[in-house]
Amino acid sequence: MPLSERSFTASTPDGSVFVRVAARGHILGVQLEPAATRRAGHELAEAIMACADVAYLEGQVAVRTEWERARVSPDALEGMPTADDLALARERLRRL
């Protein structure tokens, strides 16, 4: 399947919030399990945003990796998220 058609999913450590994001970055879906409804509103919003960040960055790092393999000009990679950015987002999500 071409990368442009793939999606990336991230979830909270307790499995109560899932977010699926397209490789291009738009959110395709949010799934909330019953446990998520017991969170305070701001905590639920933070969990959704953290999942969206991780899923988005997984997609962007996959794009970057594909471009690097294709030997795209380093200038084109400037400003693109890196594996380090993804690691930081995953750590934030793990702390929820």
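Every number here is computed from the coordinates shown, using simple stated rules; none is lab data. Keep in mind the model is a prediction, meaning the values are calculated, not measured. Neighbour counts are summed over all protein chains in view; Cβ atoms, including those assigned to glycine, are modelled from backbone coordinates with ideal geometry.
Relative to the Cα centre, the charge distribution of the chain, modelled as +1 at Lys and Arg Cβ and -1 at Asp and Glu Cβ, gives a dipole magnitude of about 220 debye. Mean projected area of the convex hull spanned by the Cα atoms of segment 3-94, taken over all viewing directions: 6.1 nm². Principal-axis analysis of the Cα atoms of the chain puts helix 83-94 at an angle of about 10° to the longest axis.
Under the criterion of Cα pairs below 8 Å and six or more residues apart, the relative contact order for the chain equals 29 percent. Neighbour counts of other Cβ atoms within 10 Å put 19, 63 in the fewest-to-most order 63, 19. DSSP assigns beta bridges within the chain; of those with both partners inside it, close to 100 percent run antiparallel. Summing charges over neighbours of residue 79, with a neighbour being any other residue whose Cβ is under 15 Å away from its Cβ, gives -4 when K and R count +1 and D and E count -1. For the chain, the longest principal axis of the C-alpha atoms and the axis of helix 41-69 are separated by about 20°.
Sorting 66, 78, 46 from the fewest to the most surrounding beta carbons within 10 angstrom yields 78, 66, 46. Dipole of the chain computed with +1 at Lys/Arg Cβ and -1 at Asp/Glu Cβ about the Cα centre; of 17, 74, 96, farthest Cα towards the positive end is 17. Counted by neighbouring Cβ atoms within 10 Å, the residues 91, 43 run from fewest to most as 91, 43.
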